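Chemist: Got a structure for you, questions after.
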Amino acid sequence: MGFTQHKGEPPLIDTHAHLDMEAYAADREVVLRRARAAGVVAILTIGTDEASSRQAVALAERDTDRGEAFPRLYATVGVHPHEAKEARASTWEALLKLSRHPRVVAWGEVGLDYHYDHSPREAQRAVFREQIRLARARELPLVVHQREAEEETLRILKDEGAEAAGGVFHCYTADAEYARAVLDLGFFISFAGVVTFRNSEGLREVARLAPLDRILVETDAPYLAPVPHRGKRNEPAYVRLVAERVAGARGMALEELARATTENARRLFKI
Ligand SMILES: [Zn+2]
Ligand SMILES: [Zn+2]
């Protein structure tokens, strides 16, 4: 383990946060310090379009001067299904170039979102396929976003040979049967604040059943704050609450769950 232990808090990695967002404009440094004090040794800040991918890389680059009081920052680059309609040839050139930065550890977030349909489904599918090819070419794991598009997401991943890239289904909310298919494809399952919600019994069942060496934890901050912060701004320090709930569902100690998920993140993202 390359990370220094901090005051008895078990080390955790928040594998999915949007640190570039306006929600942190006023107090990003404070938020990052709070994360480190809560045991968060590293955070992946996730790109959703060309601009946010660029900002993610810039944030990750800047952290080298920050020192021990801050978590390590890594970036991903990609176009979220919501933004699919904006992608063009120049987007892929820009993201490919950004993806060569040493702090870029995955391609994403990519996928299908048929709940909001912010982009036409045809555009979402084309942009998803394109990015699986790019991730494969760059040998980067995929960060997959899936909402109300379960079958099609799996079908496209299989079609495009995504197994070769590997990756994670982030903010997992589907059922145990779908989890089996995701695991069979070689992907990881990442739990976010939803696992702490009162009505998420089914999701806690997935957390209980999933193999320990294939699960990750995340916040998806600033969205989806875990209980007791539900409805407020989320932040990476709260990944601990997610980890506690997953550990609780499995009947494990937080320390053991933290050790496993941190090792999993290091293995998947090669950090
Ligand atoms: Zn997402
Ligand atoms: Zn996200």
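Chemist: Tell me, which residue of segment 129-149 that is part of a strand (DSSP E or B) and of a type outside the set (S, T, N, Q) is nearest to ligand 1 (Cβ to nearest atom)?
Modeler: Just the residues of segment 129-149 that are part of a strand (DSSP E or B), to begin with: 142-147.
Next, only the ones that are of a type outside the set (S, T, N, Q) stay: 142-145, 147.
Details: 142: 12, 143: 8, 144: 9, 145: 3, 147: 8 Å.
That would be 145.
Chemist: If residue 62 satisfies all but one of (1) of a type outside the set (S, T, N, Q); (2) more than 15 Å from ligand 1 (Cβ to nearest atom); (3) buried (at least 17 other Cβ atoms within 10 Å of the Cβ), what's the number of the condition it fails?
Modeler: For residue 62, the failing item is (3).
Chemist: Inside segment 150-166, can you point out the residues that are part of a loop (DSSP other than H, G, I, E, B) and in contact with a helix residue (DSSP H, G or I) (Cβ under 6 Å, 6 or more places away or on another chain)?
Modeler: In the first step, residues of segment 150-166 are kept if they are part of a loop (DSSP other than H, G, I, E, B); the result is 160-161, 165-166.
Hits for segment 150-166 are 160, 165.
Chemist: Report yes if residue 84 is surrounded by 15 or more Cβ atoms within 10 Å (Cβ to Cβ), over 18 Å from the mean Cα position of the chain (by Cα), in a helix (DSSP H, G or I) and within 16 Å of ligand 1 (Cβ to nearest atom), otherwise no. Spell out how you get there, then give the answer.
Modeler: Working: surrounded by 15 or more Cβ atoms within 10 Å (Cβ to Cβ): yes; over 18 Å from the mean Cα position of the chain (by Cα): yes; in a helix (DSSP H, G or I): yes; within 16 Å of ligand 1 (Cβ to nearest atom): yes.
Yes.
Chemist: Which of the residues belonging to segment 69-104 are among the polar types (S, T, N, Q) and farther than 23 Å from residue 28 by Cβ? Lay out the reasoning, then the answer.
Modeler: To start, the set of residues in segment 69-104 that are among the polar types (S, T, N, Q) comprises 76, 90-91, 99.
Passing the criteria: 90, 91, 99.
Chemist: Specify which of the listed residues (214, 259, 250) is over 16 Å from residue 45 (Cα atoms), in contact with a strand residue (DSSP E or B) (Cβ under 8 Å, 6 or more places away or on another chain) and at pLDDT 95 or above. Before you say what the answer is, go through the steps one by one.
Modeler: Values: 259 fails: in contact with a strand residue (DSSP E or B) (Cβ under 8 Å, 6 or more places away or on another chain); 250 fails: in contact with a strand residue (DSSP E or B) (Cβ under 8 Å, 6 or more places away or on another chain).
Just a single option satisfies the conditions, and that option is 214.
Chemist: To continue, here is another question. Among what's in segment 97-128 and is assigned to a strand (DSSP E or B) and out of contact with any Phe, Trp or Tyr (no Cβ under 7 Å at 6 or more places or on another chain), pick the residue that is surrounded by the fewest Cβ atoms within 10 Å (Cβ to Cβ).
Modeler: 113
Residues are listed down the side, and each one gets a yes or a no for (1) in a loop (DSSP other than H, G, I, E, B); (2) touching a helix residue (DSSP H, G or I) at 6+ places or on another chain (Cβ under 9 Å):
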| residue | (1), (2) |
| --- | --- |
| 194 | no, yes |
| 205 | no, yes |
| 224 | yes, yes |
| 230 | yes, yes |
| 233 | yes, yes |
| 237 | no, yes |
| 256 | no, yes |
| 259 | no, no |
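Chemist: Please go through segment 130-175 and give me each residue that is away from ligand 2 (no atom under 16 Å from the Cβ) and of a type in the set (Lys, Arg), ordered by number.
Modeler: Once the filter is applied, which keeps residues that are away from ligand 2 (no atom under 16 Å from the Cβ) and of a type in the set (Lys, Arg), segment 130-175 yields 133, 136, 138, 155, 158.
The values are calculated or read from the model by the stated rules, or taken from the named source; none is laboratory data. Owing to the predicted nature of the structure, the values given are computational and were not obtained by experimental measurement. Positions of Cβ are backbone-derived with ideal geometry, glycine not excepted, and every protein chain shown enters the neighbour counts.
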